[in-house]
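Asker: Please read through the structure below; I'll follow up with questions.
Rule-based calculations on the coordinates, nothing more; no lab input. The shown structure was predicted, so the numbers you read here are calculated from the model rather than taken from an experiment. Using ideal geometry, Cβ is built from the backbone for each residue, glycine included, and neighbour counts are taken over all protein chains shown.
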Amino acid sequence: METREPMKNKGVRFVKNGAGVVCRIQVTNSICVEKFSDFPQLGRFTLRTEGKTVAVGKVTALSGASSSA
């Protein structure tokens, strides 16, 4: 597998199939996630739209963690 230089452009909206991406995701509803290294069962995610899976991945970091208990 070839390693490429990271892209600095924040305007990228699409990537090729099979590409590895580090991104920040913001959600509107509350969800329960943990870092994959701390709790593997809650550290994975799947993004779906219109019944199709568009991305799968691992949570590597959390920011703005809030508790709404």
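Asker: Using θ = phi - 60° and the Karplus relation 6.51 cos²θ - 1.76 cosθ + 1.60, list the HN-Hα couplings for the range 33-48 in order, rounded to whole Hz, with x at every Gly or Pro.
Answerer: My calculation for the range 33-48 gives 9, 9, 5, 4, 5, 8, 8, x, 5, 9, x, 10, 9, 10, 9, 10 Hz in order.
Asker: For the pair K10 and T46, how long in nm is the line joining their label points, each one 7 Å along Cα→Cβ?
Answerer: Each label point is offset 7 Å from its Cα along the Cβ direction, giving 3.2 nm.
Asker: Counting other C-beta atoms within 10 Å, and keeping those with at most 12, which DSSP coil chymotrypsin sites (Phe, Trp or Tyr not before Pro) do you find in the range 8-61?
Answerer: F14
Asker: Still on this structure, I have one more. Tell me which residues come under 5 Å, amide H to amide H, from G43 once H is placed; ignore anything under 5 positions away on its chain.
Answerer: The answer is E34.
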